[in-house]
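Undergrad: One structure is given below, represented as structure tokens, and several questions about it will come after.
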């Protein structure tokens with residue numbers, strides 16, 4: 001006798017069906033992941049823009065109080081040159097701390113002593129200054145790297161201050177002041193792929209790079225007939241050149257003031273010291289210099305952390321970098337920008353004519 005009331009057994013997934021479901025889920029994840037990553041990078045880029053705007057507001061506040069933009073670094077009397085290195089050599093980033101609501105750190109610094117007072121500034125030295133770090137740069141996320149290390153940074157004047165219970169580290173930054181289209185490499189390392197050399201080739205109609213390296217003046221002997229056009233931008237790390245809004249005759253909305261840098265690509269990167277104060281526009285945007293180095297000032301192939309090519313602007317944002325202009329606005333410049341346009345944006349008084357559609 002058949003029992004018709006027996007319940008039929010429930011049918012489960014076959015192996016093939018299960019594999020199909022897993023494959024569909026994998027495809028959906030692969031489609032969503034780039035969108036998630038893109039949204040995260042957009043948020044990080046927005047924070048980077050906010051950092052630059054804070055730097056811009058602080059710099060203009062400094063200008064309001066002193067009638068000049070902060071110097072690239074404090075040395076001695078204007079034009080003194082290397083002799084000024086016996087003095088503080090504190091970078092512009094420290095000078096604007098009071099305008100960024102960091103009075104406690106600023107007040108702990110003795111501006112009459114080299115780099116603010118040696119070990120006496122250890123507490124301030126190891127304070128985290130997140131405004132100076134771009135969140136897109138994971139390498140710099142902690143804000144510190146080992147001191148005097150080929151994978152860290154070499155602070156000016158020997159070593160980092162001593163703080164009991166802490167390893168010696170260097171506070172790093174993703175933002176450098178622009179020294180414009182003054183030479184970044186020449187004449188220290190000689191001819192290179194980007195900077196014009198004097199005399200210019202016959203028929204040349206444009207020039208990228210001028211004597212007055214890193215914004216300085218009077219530090220090198222010039223070739224016969226050559227002219228030194230010092231401080232084409234804002235940062236002079238050694239000879240105390242300065243400028244004001246009145247000196248930005250090309251227009252504040254057309255002149256780069258601060259741009260991004262990568263500590264992973266620069267063994268001189270440091271928030272406090274003069275040698276890491278500035279970058280220039282003669283080197284293409286996002287030119288990487290992240291290779292190990294054996295010697296500061298190394299030449300070709302211009303890709304080591306100790307090369308003078310490290311003095312270019314660069315970021316971890318895909319396709320270009322954020323730049324703070326002298327009027328306080330922030331603009332994203334593509335790595336593909338014309339090099340002559342880029343150089344023109346770096347000079348504050350070169351007289352170049354630039355239209356907005358060129359960048």
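The values are calculated or read from the model by the stated rules, or taken from the named source; none is laboratory data. Owing to the predicted nature of the structure, the values given are computational and were not obtained by experimental measurement. As a convention, Cβ positions derive from the backbone with ideal geometry for all residues, glycine included, and neighbour counts pool all protein chains shown.
Undergrad: Please enumerate the residues belonging to the stretch 108-119 that are at pLDDT 75 or above and within 24 Å of residue 238 (Cβ to Cβ).
TA: Listed by number, the residues that qualify are 109, 110, 111.
Undergrad: Please specify each residue of the stretch 300-336 satisfying the condition of being over 16 Å from the mean Cα position of the chain (by Cα) and under 19 Å from residue 252 (Cβ atoms).
TA: 327, 328, 329
Undergrad: Within the stretch 254-300, how many residues turn out to be under 21 Å from residue 57 (Cα atoms) and either assigned to a loop (DSSP other than H, G, I, E, B) or free of Cβ contacts under 8 Å to residues at least 40 places away in the same chain (or both)?
TA: Final tally of qualifying residues: 5.
Undergrad: Kindly provide the set of residues from the stretch 91-104 that are part of a helix (DSSP H, G or I) and under 22 Å from the mean Cα position of the chain (by Cα), ordered by number.
TA: Within the stretch 91-104, 92, 93, 94, 95, 97, 98, 99, 100 meet the criteria.
Undergrad: In this structure, is residue 279 closer than 24 Å to residue 189 by Cα, crowded, with 24+ Cβ neighbours inside 10 Å and within 17 Å of the chain's Cα centre (by Cα)?
TA: Answer is yes for this residue.
Undergrad: Here is a follow-up. Scanning the stretch 306-328 for residues that are touching a strand residue (DSSP E or B) at 6+ places or on another chain (Cβ under 7 Å) and part of a loop (DSSP other than H, G, I, E, B), which turns out farthest from residue 144 (Cα to Cα)?
TA: Selected residue: 326.
Undergrad: Of everything in the stretch 59-75, what is under 15 Å from residue 90 (Cβ atoms) and within 18 Å of the chain's Cα centre (by Cα)? Give them in sequence order.
TA: Those that are under 15 Å from residue 90 (Cβ atoms) and within 18 Å of the chain's Cα centre (by Cα): 70, 71, 72, 73.
Undergrad: Moving on. Being within 24 Å of the chain's Cα centre (by Cα), under 30 Å from residue 150 (Cβ atoms) and surrounded by fewer than 23 Cβ atoms within 10 Å (Cβ to Cβ), is that true of even one residue in the stretch 206-218?
TA: No.
Undergrad: For the stretch 202-246, give me each residue that is at pLDDT 95 or above and not in a loop (DSSP other than H, G, I, E, B).
TA: Within the stretch 202-246, 245, 246 meet the criteria.
Undergrad: Can you tell me which of 292, 301 is surrounded by fewer than 24 Cβ atoms within 10 Å (Cβ to Cβ), farther than 26 Å from residue 53 by Cα and either at pLDDT 95 or above or in contact with a strand residue (DSSP E or B) (Cβ under 7 Å, 6 or more places away or on another chain) (or both)?
TA: Being surrounded by fewer than 24 Cβ atoms within 10 Å (Cβ to Cβ), farther than 26 Å from residue 53 by Cα and either at pLDDT 95 or above or in contact with a strand residue (DSSP E or B) (Cβ under 7 Å, 6 or more places away or on another chain) (or both) holds for just one of 292, 301, which is 292.
Undergrad: In addition: Hey, residue 343 hits all of (1) surrounded by 24 or more Cβ atoms within 10 Å (Cβ to Cβ); (2) part of a helix (DSSP H, G or I); (3) touching a helix residue (DSSP H, G or I) at 6+ places or on another chain (Cβ under 7 Å) but one; which does it fall short on?
TA: It is condition (3) that residue 343 fails.
Undergrad: Let me ask you something else. Within the stretch 329-340, can one find any residue that is in contact with a strand residue (DSSP E or B) (Cβ under 6 Å, 6 or more places away or on another chain), at pLDDT below 95 and either in a loop (DSSP other than H, G, I, E, B) or surrounded by fewer than 19 Cβ atoms within 10 Å (Cβ to Cβ) (or both)?
TA: no
Undergrad: Right, another one. Pairs please, first residue from the stretch 193-204 and under 21 Å from residue 309 (Cα atoms), second anywhere and outside any loop (DSSP other than H, G, I, E, B), Cβ atoms under 8 Å, 6+ apart in sequence or on different chains.
TA: 194/339; 198/211
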